[in-house]
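Every number in this text was worked out from the coordinates using simple rules, so none of it is lab data. Fair warning: this is a prediction, and the values are worked out from it, not measured in the lab. All Cβ positions, even for glycine, are placed from backbone atoms using ideal geometry, and neighbour counts span all protein chains on display.
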Amino acid sequence: MKLLRFGASGNEAPGLMDDAGVIRDLSGHLDDIDGAALDPAMLDRLRALDPSQLPAVDAGTRIGPCVGSIGKFLCIGLNYSDHAAEAGMPVPEHPILFMKANSAISGPDDMVMLPRHSRHSDWEVELGVVIGKSCKYVDVEHALDYVAGYCIANDVSERHFQSKLTGQWTKGKSCDTFGPIGPWLVTADEVPDPQSLDMTLDVNGIRMQTGNTATMIFSVAEIIAHLSELMTLHPGDVISTGTPPGVGMGKKPDPVFLQEGDVMELWIDGLGRQRQMVGRDSV
């Protein structure tokens, strides 16, 4: 299934995308696509529905973040060896963890707004993993059993804030609108191997990133197992699993950063597309 949330920001309704590309309204069956909706029994009930019998949503309706009421937005840094090289950093011995503030979360096609003093904002296409069952002390062999589904995430990053404002990466990762997720949560049964997904990111029609999850340093299962040793993962938690090479700060001979009016377009095989225009905060 392709689960999604549609409608005005802050007032999204639950839906699914049918095989014809029509959004169907699930409001008669659940309140939201959130942790409670990702329970395996609930997902089975949703799979049993006939999409053609659900109300159709008008084409052009805004699509919001694919998961609501997210508890934790966890991110893994430097998880592709070639991205670590372009960043001039060593390959990590363990997954690098940072958090993204939930106030950064936005829809897949919403505008990305640069902070007033930002001059070094950057793009990062990433595979997002959505947890479906609470897990703690999970081994690698069983880690994927706790995944509800997958989505696209754009880990938009302000590099000066990230590295020069003293402290943890979270400062450069948590600006408002810096966490687009969606358009869909594709349930895990439709993604048989999360380690074989192609992904791309274009800026203004120019290919910047090309990658495949096969080249991750730490697999999705290894990341979940590692994090579950540190904290309980809850249904609806989102893990962004790192980005392949091609980010703006790694461009040669000079880095390239986002400007007002730029357009980012992201794609991951089977998970859909995102498209964000870049603006700038005026307040």
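Quick notes on this one:
- Whole-number percent relative contact order across the stretch 99-188, with pairs defined as alpha carbons under 8 Å at least 6 apart: 43
- Correct choice for volume of the Cα convex hull per residue in Å³ that was computed from the model, options (i) 152; (ii) 125; (iii) 184: (ii)
- Karplus 3J(HN,Hα) series, Hz, for the stretch 59-73 with 6.51 cos²θ - 1.76 cosθ + 1.60 (x for Gly, Pro): 4, x, 5, 4, 9, x, x, 6, 10, x, 6, 5, x, 9, 10
- Distance between modelled label sites at D189 and Y137, nm, 7 Å Cα→Cβ extension: 3.1
- The calculated FRET efficiency for the pair E93 and S69, based on their C-beta separation and a Förster distance of 35 Å, comes to about 0.55.
- Computed per residue of the chain from DSSP H runs no shorter than four, each worth -39500 (n - 2.57), the mean residue ellipticity at 222 nm is -3000 deg cm²/dmol.
- Test item: Cα-centred dipole of the chain, Lys/Arg +1 and Asp/Glu -1 on Cβ, debye: 880
- Here the Karplus curve 6.51 cos²θ - 1.76 cosθ + 1.60, taken at θ = phi - 60°, turns the phi angles of the stretch 104-110 into couplings of 7, 5, 8, x, x, 10, 5 Hz, with x standing for Gly and Pro.
- The mean sequence separation of alpha-carbon pairs under 8 Å and at least six residues apart, normalised by the residue count of the stretch 68-280, gives a relative contact order of 33 percent.
- Karplus 3J(HN,Hα) series, Hz, for the stretch 189-198 with 6.51 cos²θ - 1.76 cosθ + 1.60 (x for Gly, Pro): 5, 9, 10, x, 9, x, 9, 9, 10, 6
- Gap separating the Cα centres of the stretch 52-107 and the stretch 130-172, nearest whole Å: 7
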